[in-house]
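In what follows, a single structure is set out as structure tokens and then discussed.
Just so you know, all these numbers are worked out from the coordinates, no wet-lab data involved. A quick note: this is a predicted structure, and the numbers were derived from the prediction, not measured. Methodologically, a virtual Cβ is constructed for each residue, glycine included, from the backbone with ideal geometry; neighbour enumeration extends over all protein chains shown.
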Number of protein chains: 2
Amino acid sequence: MFSRACQYAIRAAVLIALEGRNKRRMSLVEIAERTGSPRAFTAKVLQQLARAGILESTKGPNGGFDLPPAKAKKVKLSMVVKAIDGDQVYRGCGMGLPYCNPKKPCPLHDHFQEVRDELRDMLEGTDLHTLSLGLEKGKAFLKR
Amino acid sequence: MFSRACQYAIRAAVLIALEGRNKRRMSLVEIAERTGSPRAFTAKVLQQLARAGILESTKGPNGGFDLPPAKAKKVKLSMVVKAIDGDQVYRGCGMGLPYCNPKKPCPLHDHFQEVRDELRDMLEGTDLHTLSLGLEKGKAFLKR
DNA sequence: GACATTTCGGACAATCAGGTCCGTATTTTT
DNA sequence: AAAAATACGGACCTGATTGTCCGAAATGTC
Ligand code: FES
Ligand code: FES
């Protein structure tokens with residue numbers, strides 16, 4: 001469904017949103033640790049998110065990545081996915097035709113469009129702040 | 001969403017089901033042509049489907065791949081997808097945790113499970129015969 | 001039996017995704 | 001000013017996916 005990189009991005013982003021509520025800034029090392037993601041690779045992914053304007057990064061001692069709650073409420077999951085994987089996953093044709101075109105559809109179109117649209121709605125309707133709430137009190141987990 | 005190989009598999013399978021209704025057997029060359037897929041690679045994919053028992057293959061002159069309507073009605077899309085990509089796409093965790101486990105869920109679980117289950121239902125509820133019907137009279141297309 | 005047609009399967013090549021390493025730039029602390 | 005901590009970015013490695021090629025095996029036709 002989502003690429004490895006994108007999955008790391010989501011995990012990291014939710015975690016950063018969580019700590020952002022305590023006004024904490026998170027270092028790469030801590031993020032990689034708590035999301036169970038490879039450190040160097042996660043760095044690349046976070047840089048992409050920073051460049052996309054999804055989160056802030058600061059260099060130097062006590063630097064790291066952060067995302068204040070106000071912004072976390074505005075950042076939808078779709079933005080994270082799009083920044084890493086593009087929008088092919090929730091806009092593309094299920095059978096791999098160049099673009100999904102309802103005027104010249106693949107045989108799967110009608111069936112596929114429904115679930116793809118629900119995916120899109122879900123991604124566009126879910127923000128990082130909301131997801132971070134689920135992380136409190138051991139209700140949800142970022143690694144196992 | 002689905003791998004390239006899996007998309008070729010679906011296109012080919014639907015086409016074979018279509019011609020199966022005319023008791024026709026299709027050669028690799030014709031399949032590749034009409035689905036706009038690379039010939040040699042499609043061969044591999046079709047062999048996988050044949051080995052998985054999803055369609056029949058016959059060597060020699062007038063050989064090729066075939067799928068009688070009776071069987072096409074029983075072959076669900078989920079079987080094709082599973083044979084090529086495995087079932088991770090409609091069973092796995094959206095954030096990449098080893099297995100989706102509602103007892104120890106990722107923050108996205110509740111949201112994700114819904115659309116993933118709809119995808120599963122769609123794949124398990126759609127058979128190749130039904131899809132091939134859509135292909136008649138230029139209502140749907142396998143390539144553009 | 002010879003030949004043509006077709007799938008089968010292994011070896012290979014190219015491209016891409018996932019991942020590491022390391023030096024550089026920037027900022028804070030001392 | 002020096003040192004330490006941190007993100008940045010490029011080069012590189014590795015494995016998977018995508019794709020090609022070609023000989024072998026099977027089967028129908030003459
Ligand atoms: S054309 Fe294939 S999903 Fe719309
Ligand atoms: S645990 Fe992540 S989707 Fe179920």
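Label-to-label distances across copies for B:Pro61, with labels 7 Å out along Cα→Cβ, in nm, shortest first?
8.6
Beyond 30 Å between alpha-carbons counts as too far, so tell me which of A:Lys44/A:Lys103; A:Lys76/A:Lys137; A:Lys104/B:Lys82 fall in that bin. Don't skip to the answer; put the middle values down first.
Details: A:Lys44/A:Lys103 39 Å; A:Lys76/A:Lys137 23 Å; A:Lys104/B:Lys82 27 Å.
Exceeds cut-off: A:Lys44/A:Lys103.
Using 1/(1 + (r/R0)^6) with R0 = 41 angstrom and r between the beta carbons of A:Asp110 and A:Asn62, what's the FRET efficiency to the nearest 0.05? Before the final figure, lay out the partial values.
On the way: r = 54 Å, r/R0 = 1.31.
Efficiency computed from Cβ-Cβ geometry: 0.15.
Relative contact order for chain B: what is it in percent, counting Cα pairs under 8 Å that are at least 6 residues apart?
On the way: 179 pairs, mean separation 43.3, N = 144.
Relative contact order of chain B: 30 percent.
Given H placed 1.01 Å from N in the peptide plane, which residues other than close sequence neighbours of A:Cys100 have an amide H under 5 Å from its amide H?
For A:Cys100, the qualifying residues are A:Cys93.
Give a residue-ordered list of calculated ³J(HN,Hα) values for segment B:130-136 (Karplus: 6.51 cos²θ - 1.76 cosθ + 1.60, θ = phi - 60°; whole Hz; x for Gly, Pro).
Once θ is set to phi - 60°, the couplings for segment B:130-136 become 4, 4, 5, 4, x, 7, 6 Hz.
B:Arg39 label points, 7 Å along Cα→Cβ, one per copy: pairwise distances from this copy to the rest in nm, shortest first?
Nearest to farthest, the other copies are at 5.2 nm.
Once the label point is set 7 Å along the Cα-to-beta-carbon vector, what list of distances in nm do you get between A:Gly125 and its counterparts in the other copies?
Ordered by distance, the counterparts are at 1.8 nm.
Report, in deg cm²/dmol and to the nearest 500, the calculated mean residue ellipticity at 222 nm for chain A, where each DSSP H run with n ≥ 4 adds -39500 (n - 2.57) and the sum is divided by the residue count.
Values: 8 runs with 78 residues, N = 144.
One gets -16000 deg cm²/dmol as the mean residue ellipticity at 222 nm.
Please list, in order, the residues from segment A:124-143 whose amide nitrogen is less than 18 Å from a point placed 7 Å along the Cα→Cβ vector of A:Ala70.
Backbone N within reach: A:128-130.
How large is Rg over Rh for chain B, taking Rg from the Cα atoms and Rh as the Kirkwood inverse mean of 1/r across Cα pairs? Present the calculation step by step, with values, prior to reporting the outcome.
Values: Rg = 16.7 Å, Rh = 16.1 Å.
Using Cα coordinates only, the ratio equals 1.04.
For B:89-96, what's the mean count of beta carbons from other chains sitting within 10 Å of each residue's beta carbon?
6
Between A:Glu136 and A:Asp87, what is the spin-label point distance in nm, taking each point 7 Å from the Cα along the Cα→C-beta axis?
Result for the modelled spin labels: 3.3 nm.
What distance in nm lies between label points placed 7 Å from Cα along the C-beta direction at B:Asn22 and A:Phe41?
Result: 4.8 nm between the two label points.
At 7 Å along Cα-to-Cβ for each site, give me the label-to-label distance between B:Arg51 and B:Arg34 in nm.
If labels sit at B:Arg51 and B:Arg34, their model points lie 2.6 nm apart.
Provide a whole-number value for the mean count of partner chain Cβ atoms within 10 Å of the Cβ atoms in peptide A:5-13. Provide the component values of the computation, followed by the final result.
Numbers: counts 1, 3, 8, 2, 1, 6, 6, 0, 0.
For this peptide, the per-residue mean of nearby foreign Cβ atoms is 3.
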